[in-house]
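Read the structure below first, then the notes.
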Amino acid sequence: MTARTTARAESAGLHIENLVVRFGGVTAVNHLTMHAPIGSVTGLIGPNGAGKTTTFNACSGANSPSEGKITFDGHDLSGAPASARAKFGIGRTFQRIELYDSLTVAENVALGREARLAGVSPITQLIPRRGERAAIAKATEEAMAQCGITEVAKARAGRLSTGQRRLVELARALAGDFRLLLLDEPSSGLDATESDAFTTLLKSVVAELGIGILIVEHDMTVISGLCDYAYVLDFGQLLFEGLPNDVLTSDLVRKAYLGTEDLGIHAPDDEIVEANA
Amino acid sequence: MDVWLPFIVVGITAGAVYGLAGVGLVLTYRTSGVFNFAHGALATAGAYLFFELWVKNDVPWFLAAVISVLIVGVLFGFVLERVARRLAKAAPSVIVVATVGLLLIIQGITSKRYGAETITIDSFLPTETFEVSVNVGYNQLIIVLVGIVIAVGLGLLLSRTRIGIAMRGVVDDSDLMELTGLDGAAVRRLAWMIGGSVAVISGILLAPIVGLDPIRLTYLVVQAFGAAAIGRFRSLPWTFVGGLIIGVVAAIGQKLESEHTSLAGLPSSVPFFALFGVLLLVGKRGLPTAAPVRRQQPEHFAPLPLPIRAGAGIALGVVVIFLPNLVDARLAVYTSACGLAIMFLSLSLLVKMSAQVSLCHAAFVAVGAVAFSRLSTEANLPWFLALLGAGLITVPLGLIVALPAVRLAGIYLALATFAFGLLMENLIYRKSFMFPQGGTRDAPRPDIPGVGLANDKQYFYVAVAILAAVIVLVLILQRSRLGRLLRALADSPLALSTYGTGTTTTLMLLFAISAFFAGIAGGVIAVGNGAAGPGGLGSLQSLLWVAVIAITGMNLVRSSILAALALVVLPSYLADLDADYQAIGFGVLAILASLITASGFDPVTWIKDNLAGSSRVGTKGPIPQRGADAGWRRASSSRKAPAPAREEAPELAMSGGDR
Amino acid sequence: MSSADVRLILELRGVTSGYGEKTVVRNLSLTLPAGGSLAVLGPNGAGKTTFLKTCSGLLKATSGQVLIDGQDVTRKSTHDRVKAGLCHIPDPRGIFPSLTVKENLILQAPRGGASAAIEKAAAAFPRLGQRLTQTAGTMSGGEQQMLAVARSYIQNPKVVLLDEVSMGLAPNLVDEIFTFLATLKDTGVALIVVEQFVHRALALSDSVVVIARGTIRLSGRSDEFGEDEIFDAYAGTAPQGASAHV
């Protein structure tokens, strides 16, 4: 443990401890421990089928851990519905972009804040509290300016290009005033230029707003250009963690990506085969 | 035991037919993903054709049956596959509308040609009986045997033959079917032809039992739904068994019903209990998953300039004020259009604004009508309070229907609400607290202070005023926070809940509000008719309403008023147009509308892009098209500094790739 | 392999394709001679699967041409391309999970050749022969993949497209499948191998392309590149457009 990692462990943010996720007999994530602090960008990478998305979904509430604990700023997230996670301050984007396609860009971004304010009570869903309208309008304007989409504010989200839709999704998350954003492969569907610009934008967002980001990404260029720290998964286990440059130069990571199998980790498939034989 | 046996024999006979109908339904649903609400209508069409050939033209019954199966079953199957292919990825409401359109057409044609009365036809099968501790008719035996033979035959086809195996496989993965070198469309076409043929056979077998009746035979689809639910919309053998169970339980219920009047309506409710129960118990995870859905984009017309709008509003007001003098005897039609427009507004909140489906709106209206009647005549509440109370009393009903909406989605929600509507119609309507013996209740007109009971003209103005108030409320709702949440819910429930909204609450509020307005509509309509009665509030009426609202556009208010006018006012001006032609017309339009919707064709966008080049409507600035990315990102992304002017953008533009 | 009289079993000319408005493969051209084999490598999301789907017709090219054995199939349906000699083993598993192993094999077989197909599959993968009546979806991942790959033998294709057949499998099973593929290749069937295990893919192929963000970043003979060059192409640090004709 370097001094840096120790310091990270003490700060607030998302803590994953000994996470195990099983589907049927298959262990998709096996005893994973990691930490995504506020104020920096944490990467989660690995080859296809490594368990990245499973981990991500456990954080966002799309699936539930078989063992282990996920906490955010001390709140236990196990079993909390999606809306409760938003209340604690965790926002997310989707690999398959989920915008409100028939609404305008401005309405989409505004709903990033308004959906959170509406909450689960019928009263708050019906009647906004005093001052909320102004807060929503201000957050919307700022988030759209930050992401550079003010000029398409009145266009319907469904008619935009993939690149613009990624920006709208980010703006919506920023308007929500979350402390930590989970970004699920935000560069997918973007070409190299768009992807670079998106990376630049994310960096400026973290620098200016001081929020934390946990990013799942396939693209090594995005990871090396953006992350402060990265975790590498393979076959559901933590293969490596460290600074992006260490990740890129690590023999273990290189082998995992290029598919050298002899890593001392066995595919879950083994157990089933033996059971069936 | 001997007392029960005859009922069980009758039950097994009917159950074999239900099972067959269910098997055909499941076969087509599983291979195409399109749930055919017109499955019973296919049976109707086949049975009438059989009647035409056999009874009217003396074709031998066997030949008549074969011809009916070939023409209706095979031909319709062929056509339906082509329609279904275009609908497979459409929203469930679109599928409902299209298949209900077909149902309306078949019902309209048959009742136009043969009348709406039940025609009894003799059994073409021998009716002599034999005895095995109970008398069994040979016709009953043959029906059961035919059912078993077809069910087993289909089972063998699906398990033993290459094409049958392909039919089962195409459900798993249509792309993979192509990769194995089989034409997926051809496989599905065969499934539709078989499904259609089986429907026709079940219709022909059922016709001598229940008689020829366009409505009653169409209802066969309900028994088929129940059977399919027991087979979990998946298993053909279990679906057939499900049909038998429904038949037997309903027959036993019939015996009980004859002994205990409190159980009236129970036998005919059995399939709905099966459907509603299985859907709620199993939930969406236990059912075959629906295809991803593409949603219709609502219109985004720019509002016309204020003077024009104000002028149009004033003109409309003047027309409404003088309408009673202009239309004389037709005033009652306009009055009931007001009530219907309120109902359509309530339905639009669900169907258009929130992308939910409700096929039980007639039940809401019926409950509202009864509540109004009893509050004003029995509780002696003032007229307006009684109307308000009618709305409030309907709210719990809306909350009950919201439960399936929380647990189910898509076509299963549509089915659950349909089952609920049928349950209400068969079990609740005839209870003494609703419409005793199917009778009506008084629905008095309001007392106008200083005038006394309102006359036709005065009540028309009252109805218009209530409609106007509801329109204002709906517009407020649309612009409110809940309105935004609902529109967001329609597009992406996943995103909405991820961003912190409890979508269960949102759905509950939606159904409560919709039911409230439907209850008000029930009161207004009842008073317009002079009485609250179950007539015109059957569950098929709910289907018709959903079909009509689907073809009048996406704007809530305008489409609701248009739908009401099209449904009651228009026919009163077309003397030749009877209800059957009207149904056929709506049916054709409904199918066309859903095909256009499913094709992703957006007429408004098309007009904007092709015709209205200079006058861009909808947005102030240029609408950025996909692929035209230049200039979408600005240089600096500081929150404090406002964005630089547009001209700078291209320098920092990202290219959209090699487009 | 540059001579003009080589029979090309598969050819793509400037193919662009994607999903709806989203372009994934951009202006891609390559050729595969009869009996040749090509490894397609690249990071996830690079467009490898889209490339294969465009070859087999599950996705239609928005521009460019696809030729199988000299015949332009750009507008042909997938099942017609299969008849023209193409076999695509998709990822995830190319099987019908709710059908039994035997039923899967019956569907894979040419019309009337069911029993021969079952024999062939059992010969190639004895494990499948023992499980004919088992529901395919309940088998282990490796067995499911064997069943999927069996199609490349049963259908008698001219060219086989393999999409990540080793995904999530234990090494011994991957060995078994790759041994089978090597045998298949020796019988003169052309292969396109999309693979995460770079070494295995290179060992099986004559030539290689690395795709990133829908365009070819690196191409050449399989023995031409070292691990480092390929990893650099993955990570985006390779010189763009370093290429030779495949």
Within the group A:Ala143, A:Ala106, which residue is at pLDDT 90 or above, over 27 Å from C:Val25 (Cα atoms) and surrounded by fewer than 24 Cβ atoms within 10 Å (Cβ to Cβ)? A:Ala106
I'm told C:Gly188 meets every condition in (1) within 14 Å of the chain's Cα centre (by Cα); (2) surrounded by fewer than 23 Cβ atoms within 10 Å (Cβ to Cβ); (3) closer than 22 Å to C:Leu8 by Cβ except one. Can you identify the failing condition by its number? (1)
Scan B:Val588, B:Val546 and give me the residue that is touching a helix residue (DSSP H, G or I) at 6+ places or on another chain (Cβ under 9 Å), surrounded by fewer than 19 Cβ atoms within 10 Å (Cβ to Cβ), β-branched (Val, Ile, Thr) and within 28 Å of B:Tyr219 (Cβ to Cβ). B:Val588
Being within 19 Å of B:Pro267 (Cβ to Cβ) and hydroxyl-bearing (Ser, Thr, Tyr) is true for just one of B:Tyr459, B:Tyr429. Which residue is that? B:Tyr429
For residues in the stretch A:150-172 being among the hydrophobic types (A, V, I, L, M, F, W, C) and part of a loop (DSSP other than H, G, I, E, B), which is farthest from the other protein chains (Cβ to nearest Cβ)? A:Ala153
Mind checking which residues of the stretch B:418-472 are closer than 21 Å to B:Met343 by Cβ and basic (Lys, Arg)? B:Arg441, B:Arg445
Where B:Ala469 falls short, out of the listed (1) within 14 Å of chain A (Cβ to nearest Cβ); (2) of a type outside the set (S, T, N, Q); (3) more than 26 Å from B:Val406 (Cβ to Cβ): (1)
For the stretch C:42-50, check the following and say yes or no: at least one residue is modelled with pLDDT of 85 or more, surrounded by 22 or more Cβ atoms within 10 Å (Cβ to Cβ) and assigned to a loop (DSSP other than H, G, I, E, B). no
Where in the stretch C:61-170 are there helices (runs of 4 or more DSSP H), lying fully within it, with 3 or more residues that are of a type in the set (S, T, N, Q)? C:141-154
Matching option when the condition is outside the structural domain of B:Leu103 (by TED's automatic domain parsing), modelled with pLDDT of 85 or more and either among the basic types (Lys, Arg) or farther than 22 Å from B:Leu359 by Cβ (or both), among B:Val548, B:Val557: B:Val557
What is the residue count in the stretch A:100-128 for residues that are within 21 Å of A:Glu142 (Cα to Cα) and more than 7 Å from chain B (Cβ to nearest Cβ)? 8
Matching helices (runs of 4 or more DSSP H) fully within the stretch B:391-498 where at least 1 residues are of a type in the set (Phe, Trp, Tyr) and farther than 23 Å from A:Glu98 by Cα: B:410-423, B:456-479
Is it the case, given these coordinates, that C:Gly141 is under 30 Å from B:Ser159 (Cα atoms), small (Gly, Ala, Ser) and modelled with pLDDT under 85? yes
Before we move on, is C:Ser29 hydroxyl-bearing (Ser, Thr, Tyr), away from every other protein chain (no Cβ under 12 Å) and within 15 Å of C:Val160 (Cα to Cα)? no
Do we have B:Leu496 as surrounded by fewer than 22 Cβ atoms within 10 Å (Cβ to Cβ) and within 14 Å of chain A (Cβ to nearest Cβ) here? no
Determine whether the stretch B:156-179 contains at least one residue that is surrounded by fewer than 22 Cβ atoms within 10 Å (Cβ to Cβ) and within 30 Å of B:Leu5 (Cα to Cα). no
Kindly check whether there is at least one residue in the stretch A:96-108 that is among the aliphatic types (A, V, I, L, M), under 17 Å from A:Ala36 (Cα atoms) and in a helix (DSSP H, G or I). no
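The values are calculated or read from the model by the stated rules, or taken from the named source; none is laboratory data. These figures come from a predicted structure and were not determined experimentally. Neighbour counts are summed over all protein chains in view; Cβ atoms, including those assigned to glycine, are modelled from backbone coordinates with ideal geometry.
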